[in-house]
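Here the structure is laid out as structure tokens; the discussion comes afterwards.
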Amino acid sequence: MASFYAMRKKPYMAAILLLLGLLFSPEHTGAQSLGVCYGGQGNANNLPPESEAVSLCTTNNIGRIRIYSPYTEILQVLRDSNIDLIVGVPNDSLQALANPSAAADWVQRNIKDYSSNVKFKYIAVGNEVNPTSETAQFVLTAMQSIYKAITDGGLQNQIKVSTAVDTNLLGVFDPPSTGAFSDNARPFIEPIISFLVNTGAPLLANIYPYFRVKYNDQPVPYALFTAPEVVVHDGQLEYKNLFDALMDAMYSALEKRNGGSLEIVVSESGWPSAGGAVETIENAGTYYRNLINHVKGGTPKRPAKAIETYLFALFDENLKTEEIERHFGLFYPSKQPKYNVSFN
């Protein structure tokens, strides 16, 4: 009788286990929507080797990494790591890679040669390129050339080509529904939006409430997710934190330029722990903890969906020029955590 009951129970138990697995999978909970930005050895002279950096991520259940330029040492240790990767094209390479032949060579050396066991997710063609700079004219052409090389290699369904922008492209951001790109930004961003829509890629955006506190006098609690009540009423939508407001302002700007179908991936967000009055261990720890919890859901405009977010940065980087830029690390170079933060 017991064995008959067990046989009858197994299908039900299997169904329950399957349901629990779906409910608490990383995709459903948003846990694996988190990644970190890793600047590599170029911005510091005291960091552990790449193998230890990747191991630190694995140990802390960090399943995604953004690097700013591909190089052999990091790509080798990412083989078979099962870590999703954003790989960047540095701004000073954009002009060269606007040439299709150069782009094909770059993709072969840095992507195709590793694509069998490195999980490339996005290629970020340029980072925070100023739309009025000389470099801006090469961003879209480089994206197109790299996309062609990716497509010729049959990798276009695995790897999406985008660029990383910042919220300085917004001429208006408050309230979020009025979000719009500035006159200077529109000629730069509009063809990029069309490219992303046509290729099914997201827009990568660096979202920093910290800099809005620093340079635009936004309230600190609003930026740290600790405001006790609604700060911005925007029609039917209410905003208690600046991160959501910036995200939704960017979504509003995209909608006004035929980019309403695009998703935004937060390719950087962080808070420095030293260098000024609001740059403290306490504030930075509060920001990272609250951000990690918050991105498991969505924004008022795009609710109930995890926000793919890359925390800036894995380590402090002591060779950065500006003092505050040296203190964004989640970990000290010794690999000791700076904050009591869980990435689960």
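A compact table of results
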| quantity | calculated |
| --- | --- |
| Normalised contact order of region 188-344, rounded percent, pairs of Cα under 8 Å and 6 or more residues apart | 21 |
| Value of Rg/Rh across region 32-110 [Cα atoms, Kirkwood radius] | 1.00 |
| Excluding exposed DSSP-loop GluC sites (Glu not before Pro) (at most 10 other C-beta within 10 Å), longest clean stretch of the chain | 1-228 |
| Derived scalar couplings ³J(HN,Hα) [region 309-323; Karplus, 6.51 cos²θ - 1.76 cosθ + 1.60; whole Hz; x for Gly, Pro] | 9, 10, 6, 9, 9, 5, 10, 4, 10, 7, 9, 4, 5, 7, 4 |
| Relative contact order (%) - criterion: Cα under 8 Å, at least six apart; region: region 129-277 | 27 |
| Residue-count net charge about VAL230 - beta-carbon cut-off 12 Å; Lys, Arg +1, Asp, Glu -1 | -3 |
| Sites LYS296 and GLU229 - FRET efficiency at Förster radius 25 Å, r taken between beta-carbons, to 0.05 | 0.65 |
| Rg(Cα) / (2.2 N^0.38 Å) computed for region 68-121, rounded to two decimals | 1.14 |
| Residues of type aspartates and glutamates that LYS240 reaches as a straight line, Cα spacing below 19 Å, ignoring anything fewer than 8 places off in the same chain | ASP174, ASP217, GLU229, ASP248 |
| Lysines whose Cα lies under 24 Å from that of LYS338, excluding same-chain neighbours fewer than 8 positions away | LYS214, LYS296, LYS320 |
| Inter-part distance where region 37-112 and region 174-196 are each reduced to a Cα centre, Å | 28 |
| Kirkwood hydrodynamic radius (C-alpha pairs) into Stokes-Einstein, region 160-293, 4 °C and 1.567 mPa s, D in µm²/s | 84 |
| Compactness index (Cα Rg / 2.2 N^0.38 Å), region 128-176 | 1.49 |
| Per-selection metrics, region 38-159 (Cα): Rg and Dmax in Å | 14.7, 42 |
| Rg/Rg_globular for region 162-219, with Rg_globular taken as 2.2 N^0.38 Å and Rg from C-alpha atoms | 1.23 |
| Volume in Å³ per residue [convex hull over Cα atoms, computed for region 281-343] | 101 |
| Selected from ASP217, ASP248, ASP174 as most flexible by GNM, with the chain as the system and alpha-carbon contacts under 10 Å | ASP217 |
| Three-way shape label, region 124-214, alpha-carbon gyration tensor, a/c 1.5 | prolate |
| Radius ratio Rg over Rh of region 92-163, counting only Cα atoms, Kirkwood formula for Rh | 0.97 |
| Evaluated at q = 0.15, 0.24, 0.27 Å⁻¹: base-10 log I(q)/I(0), Debye formula over Cα of region 235-275 | -0.49, -0.93, -1.03 |
| Sequence-separation-based contact order of the chain, relative, with Cα cut under 8 Å and 6+ spacing, percent | 18 |
| Backbone N under 15 Å from the ASN344 label point (7 Å along Cα→Cβ), restricted to region 282-304 | 293 |
| Amide hydrogen neighbours beyond the local backbone of SER81, cut-off 5 Å, H modeled | none |
| Derived scalar couplings ³J(HN,Hα) [region 111-125; Karplus, 6.51 cos²θ - 1.76 cosθ + 1.60; whole Hz; x for Gly, Pro] | 10, 4, 5, 10, 5, 6, 9, 10, 8, 5, 10, 9, 10, 8, 8 |
| Per-selection metrics, the chain (Cα): Rg and Dmax in Å | 21.1, 80 |
| Computed over region 231-333, Cα set: Rg, Dmax in Å | 15.5, 46 |
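Throughout, read-outs are computed from the coordinates displayed, never taken from laboratory work. In this text the structure is predicted, and so the values were computed from the model without any measurement. Cβ sites come from the backbone with ideal geometry, for glycine too, and all protein chains shown count toward neighbours.
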